[in-house]
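None of the figures in this text is laboratory data; all of them are computed from the coordinates on show. Here the structure is a predicted model, which means the values were calculated and not measured. No Cβ is skipped: glycine too gets one built from the backbone with ideal geometry, and neighbour counts run over all protein chains shown.
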């Protein structure tokens, strides 16, 4: 169950090739001009939709239009309408977001946000860290949408709010809570290509002062061959099946008008067959994974102007690998967290935020042997101010993290907004951030370097936001992030490979996002132009495109809804100085409400059967179709 911090109600440039320049100009210009024209034509109509409330950009609740960091929300309606089977499919159209995957459903997945590495992007589930302390990345492929209420994506350095791993930004996943709804049940089943089967059930709502939700799902597919055997002939050519079972639950009770408490948890268990490019064609590689979070929280008011929040939480990331039925690896990581956060209203439109975080990380891995289990403690203090003075909006944040293994790390963020008109706002910010070395980078036998220092980054951005109640929200942001002390694997004298703080990188770019409902049609668009450069090698950072664009549309026609998505990406570099070609794919979906309880839905992935790769030498999904039958109370 989310704390009261999250309980407010939410209504459901680098040079470019001419084609991308045309797409960018078309989307950006049409977004601004159409929004302005529509706002004028609808000026006499009452507002039909409120701006979503977000918490990730400041750790306090605010309308998304007040967020100075570029923030977008994937709402519950977006999840339902997209029929996305996994987190990658759900987030791939977001501005600044890119993925690399080692095959199909359940395969290892890397998320790049504003060109930052996957271990430089913080992933939270209901405020709880879920990244592995061995690799620094989260089990993104095993977090399926059935348990998710909505997702907030914050771009840019926010270490001053969250500490390590937030150089590229934060992706926070909120599970279903049932708050503010009459108790009701729901269920659905799906079948489609690759012999894919899926089922989900849920029940939740609010009774008096108690809200609750329980949801579960099971997913299974025969998949497709993860590796292109023309590029890696030693890989097993057979299909790679995947299965997942997930459950989430929340309960919260309000004891008085000012105090509430509750519990929440999330659990995912999966089995994956994967391919290796260096084994034998008959090898059978398997991974069994588990991911869970559990937390207890209390929220209240010490005075009418002073709100306080306590959270005690634990997450675990567990993985066991097998070769031909024999276990050949095990990694178990654990994060224990305590958070105490306070907000004090200094005056109307002026809020002071302060608190402390405590994090304990531990690793138990077969590769380290039974005699050594790395662990660390992190004690953090943070504070911030948000306020408005006339047309001026200010945000200041500062934080210090004390690590038991390498001392203090300080970070800050300063943001400024100026309201040019009621609808138009200028935004700018400067910030710095850091990433702590993972246990593998520090201690992995025969590889780790215990003398590593944290990676550091500095960022600056400036943007323009246009927002009206009827025409939606347009955000255009120019940004630059410079990285120092980047950890890279370096060959030492004698041929040994070890991680060292030797690299520098820079990412400059422009991103734009637009969400609106125009004349009954839901429109979403994002454009990213960026130049992610490894300054040491003077080359493009691996698996990051210089340009990517997404456009999605959806419209209701009586009991019918039709939607579609168009994704474009330019070429990317990969390992071995290879170039992965650019691609464009089209996905379609439809839904028919049979009556108030029953519905049937269908989607087509990769309509034109585009052959493309997100990582060499791994395959991606070809043309595929799926159909869903659902029921809700």
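At-a-glance table
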item: Kirkwood-Stokes translational diffusion coefficient of the range 218-357, alpha-carbon pairs, 20 °C, 1.002 mPa s, µm²/s; result: 113 µm²/s
item: Relative contact order (%) - the range 309-372, alpha-carbon pairs under 8 angstrom, separation at least six; result: 32 percent
item: More than 17 angstrom apart: percent of Cα pairs within the range 390-480; result: 64 percent
item: Estimated FRET transfer efficiency when R0 is 25 angstrom, pair residue 462-residue 612 (beta carbons, to 0.05); result: 0.15
item: The range 196-333, relative contact order in percent, only Cα pairs under 8 angstrom and at least six apart counted; result: 18 percent
item: Rounded Å value of the spacing that divides the Cα centres of the range 432-456 and the range 608-633; result: 36 Å
item: Mean Cβ count within 10 Å, highest first, over the residues of peptides 372-382, 114-124, 57-67; result: 114-124, 57-67, 372-382
item: Alpha-carbon centroid distance for the pair the range 349-420 / the range 489-545, whole angstrom; result: 23 Å
item: The chain: radius of gyration over Cα atoms, expressed as a fraction of 2.2 N^0.38 Å; result: 0.93
item: Burial order of peptide ranges 595-605, 490-500 (average beta-carbon count within 10 Å, highest first); result: 595-605, 490-500
item: Inter-part distance where the range 550-576 and the range 103-173 are each reduced to a Cα centre, Å; result: 22 Å
item: Computed label-point distance, nm, for sites residue 238 and residue 504 using a 7 Å Cα→Cβ extension; result: 5.1 nm
item: Per-peptide average of other Cβ atoms within 10 Å, ordering 241-247, 94-100 highest first; result: 94-100, 241-247
item: Cα-based equivalent ellipsoid of the range 199-275: semi-axis lengths in Å, sorted from largest, via gyration tensor; result: 44, 12, 7
item: Inter-probe distance in nm under a simple model that places probes 7 Å from Cα toward Cβ, at residue 496 and residue 629; result: 6.3 nm
item: Helical mean residue ellipticity (222 nm; -39500 (n - 2.57) per DSSP H run of 4+; nearest 500) of the chain; result: -2000 deg cm²/dmol
item: Relative intensity, log₁₀ I(q)/I(0), of the range 520-633 from a Debye sum that treats every alpha carbon as a point, q = 0.11, 0.12, 0.13, 0.17 Å⁻¹; result: -0.51, -0.58, -0.65, -0.90
item: Principal axis dimensions, the range 304-463 - Cα atoms, whole angstrom, descending; result: 66, 36, 33
item: Distance histogram in 10 Å bins (all Cα pairs of the range 503-552, percent per bin); result: 24, 36, 22, 12, 5, 0
item: Packing-based exposure ordering (other Cβ within 10 Å, fewest first) of 359, 518; result: 518, 359
item: Footprinting exposure proxy for 125, 167, 585 (fewest neighbouring C-beta atoms within 10 Å first); result: 585, 125, 167
